[in-house]
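Peer 1: Following this message is one structure expressed as structure tokens.
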Amino acid sequence: MGTSNGFMLHPIPGGLRALIIWSILLCFGRLSFGAKSRHFKWEVEYLFWSPDCIENVVMGINGQFPGPTIRAKAGDTIVVELTNKLSTEGVVIHWHGIRQFGTPWADGTASISQCAINPGDTFHYRFKVDRAGTYFYHGHLGMQRSAGLYGSLIVDVAEGEKEPFHYDGEFNLLLSDWWHNSVHEQEVGLSSNPFRWIGEPQSLLMNGRGQYNCSLAAQFSNSSATQCKLRGNEQCAPKILHVLPNQTYRLRVASTTALASLNLAIGNHKMVVVEADGNYLQPFAVDDLDIYSGESYSVLLTTDQDPSKNYWLSVGVRGRLPATPPGLTLLNYRPTSASKLPTSPPPVTPRWNDYAHSKSFSNKILALMGSPRPPTKYDRRIYLLNTQNKMNGYTKWAINNVSLALPSTPYLGSMKYGLKNAFDQKNPPENFADNYDVMSPPINPNTTSGSGAYMIALNTTVDVILQNANALSDNVSEIHPWHLHGHDFWVLGYGEGKFSDKDEKKLNLKNPPLRNTAVIFPYGWTALRFVADNPGAWAFHCHIEPHLHMGMGVVFAEGVHRVNKIPREALACGLTGKMFLNNNDNNHN
């Protein structure tokens, strides 16, 4: 064998050639930011568990609740082989905050990105975690998140990269709420006439642990609360945060609550907020932190208090008249014994309807200097009016007077293959009547259901104005945290009453934060902007579990024709999907 420059190359033995190629690929993989594929084999099943010291049935993974924590580095590929061991219902897992560029079928939304995984079946989720941050995962079929199907997903910076802040250690806090009534009973009540509301949760959980009908801080309570006796109750004993004096700790906090808006505080300690939903923030200090369902934060905590004492970490309910005791655990300064209770009462949660406090916190959240700015102009603006309604006597939530009813065949597959009769082809309304009074109950409370989707041109800039309104009852307007799949959005601002032209000048185009979840306050509006740069069909919905179950969501779709390699098992459900795959067995990609 010769070369054009006259050198002679001698043949390399096959085994040695393979070894050299393998070594080159291995080195290249290491140079590519050390990215790895991380494999997990999970089984979803029902378990007997005592999340708040009362035995109940929870939805767990691999025999544990909450599910296993996934830890990866930015650039890694996650592969989860998920087997459904539930005997009577399907299941999916949504990877909350992971944008799924190139893998929209792995978003884990039943009837939107994939079919539900049937009992006994296995589905392979494969996706890249492209950005460091604090995330989580949860069920996205029916109300399975309420049943306990959730866990943490932490993405560290890529090899060789650094966070823009320093810390000596870290803790993870996954917050949730818990009911003693089963999720199936709750679902039936929400779909009944007369309507049966789920009520307030019995307890608040931190990392799946809480205490019902007792208090860790009973000695400070004005009620007849008894001191919790946790010996032998490992499943509900609080996870204590053990710290050393004069150190800085990163506290990763995520809320997967089904209903409750929460406030977190640590006795005698300030927190510095540095990250939200996987995006860095301009750091700011707070005494307490409001967190709504679907949100995640990182805060820095400096252990600069008296090291001979321990301190309460408290989580309480905001935005609803609380009927649930605060969740508590301890910040334990070592070497002080963790059995030594704090000498001061737990921090007092701000009054549930102190919205000025909540808005003040939200308005302090700004992007870290140097973060991407939003486009200065939008190509399309969609107004989404949030209302509570009636449909044939049943209570519903609706957006622009349409209550979302998901089709049996997932949008992603039916759009990709042009299945026109799989969902409503009419574009949902993009606005609401100018004379609608958001401060009063609807004059005509009746709504309709629909399965239409907002078709958005790829790479265009979209504004969404979330508009809150009065519910069916007088003087009631609820908090709604809205979560967008497949994208982050810039939160351009919040306001009171109905959004109008005069509010344009209030929008922040200089340093708005990038988020995937944002709240609309009672009788107010929230303005969002995002770039439709991710081909797929994406849910956008209220993250309060019963509200979504009652129709409070929409679907955005962009560039679906560019999606390829959709797994067969993500498509083959619903009569239309099955018929199509039967006729196109060899070319469904």
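The values are calculated or read from the model by the stated rules, or taken from the named source; none is laboratory data. This structure is a prediction, so every number in the text was calculated from the model and none was measured. In this analysis, Cβ positions are derived from the backbone assuming ideal geometry, glycine residues included, and neighbour counts consider all displayed protein chains. Side chains included, ligands, DNA and RNA excluded: accessible areas come from the protein's heavy atoms. Shrake-Rupley method; radii C 1.70, N 1.55, O 1.52, S 1.80 Å.
Peer 1: With just the Cα atoms defining each centre, how far is region 333-348 from region 153-189? Give it in Å.
Peer 2: Computed from Cα coordinates, the inter-centre distance equals 24 Å.
Peer 1: Please report the antiparallel percentage of DSSP beta bridges with both residues in the chain, rounded to the nearest 5.
Peer 2: Counting only bridges with both partners in the chain, antiparallel ones make up about 75 percent.
Peer 1: Based only on Cα atoms, what Rg/Rh ratio does region 293-382 have, Rh being taken as Kirkwood's radius?
Peer 2: Using only Cα positions, Rg/Rh for region 293-382 is 1.11.
Peer 1: If the reach is capped at under 24 angstrom between alpha carbons, list the lysines near Lys73, excluding any in the same chain fewer than eight residues apart.
Peer 2: Lys36, Lys41, Lys128, Lys162
Peer 1: So, one more: Let me know the Kirkwood hydrodynamic radius for region 58-97, please, with Cα pairs as the basis and the value in Å to one decimal.
Peer 2: Taking the inverse mean of 1/r over all distinct Cα pairs, region 58-97 comes out at 12.3 Å.
Peer 1: Apply the Debye scattering formula to the chain, with a single equal point scatterer on each alpha-carbon and no solvent, then give log10 I(q)/I(0) at q = 0.06, 0.07, 0.11, 0.12 Å⁻¹.
Peer 2: Rounded to two decimals, the profile gives -0.32, -0.43, -1.06, -1.27.
Peer 1: Cross-link partners among lysines for Lys498, C-alpha distance below 20 Å, same-chain residues fewer than 8 apart left out?
Peer 2: Within reach: Lys359, Lys506.
Peer 1: Per residue, how many Å² of accessible area does region 60-171 show with a 1.4 Å probe?
Peer 2: Dividing the accessible area of region 60-171 by its residue count gives 31 Å².
Peer 1: Identify the trypsin sites (Lys or Arg not before Pro) of region 145-242 meeting these criteria: DSSP loop state and at most 13 other C-beta atoms within 10 Å of the C-beta.
Peer 2: In loop regions of region 145-242 (DSSP not H, G, I, E or B), the sparsely surrounded trypsin sites (Lys or Arg not before Pro) are Lys162, Lys229, Arg231.
Peer 1: Could you tell me how far the Cα centroid of region 356-408 sits from the Cα centroid of region 409-470, in Å?
Peer 2: What the calculation gives is 12 Å, centre to centre.
Peer 1: If you don't mind, another one. Order of 519-531, 392-404, 451-463 by packing, highest average Cβ count within 10 Å first?
Peer 2: So the peptides 519-531, 392-404, 451-463, ranked by packing, come out 519-531, 392-404, 451-463.
Peer 1: Turning to a different aspect of this structure: Specify whether the C-alpha gyration tensor of region 122-179 places it in the rounded, prolate or oblate class, a ≥ b ≥ c being the square roots of the eigenvalues: rounded for a/c under 1.5, otherwise prolate if a/b is larger than b/c and oblate if not.
Peer 2: oblate
Peer 1: Given axes a ≥ b ≥ c from the Cα gyration tensor, I'd like to know whether region 442-509 is rounded (a/c under 1.5), prolate (a/b larger than b/c) or oblate. Please report the intermediate quantities before stating the final value.
Peer 2: Values: a/c = 2.06, a/b = 1.24, b/c = 1.66.
Oblate, because a/c is 1.5 or more while a/b does not exceed b/c.
Peer 1: Could you let me know the centre-to-centre spacing of region 39-67 and region 279-323, using Cα atoms, in angstrom?
Peer 2: 27
Peer 1: For a protection proxy built on the mean count of beta-carbon atoms within 10 angstrom, sort 148-159, 256-267 highest first, please.
Peer 2: Result, highest mean Cβ count within 10 Å first: 256-267, 148-159.
Peer 1: Ranking request for peptides 498-509, 272-283: highest mean number of other beta-carbon atoms within 10 Å first, then the rest in descending order.
Peer 2: Going by the mean number of other Cβ atoms within 10 Å, highest first, we get 272-283, 498-509.
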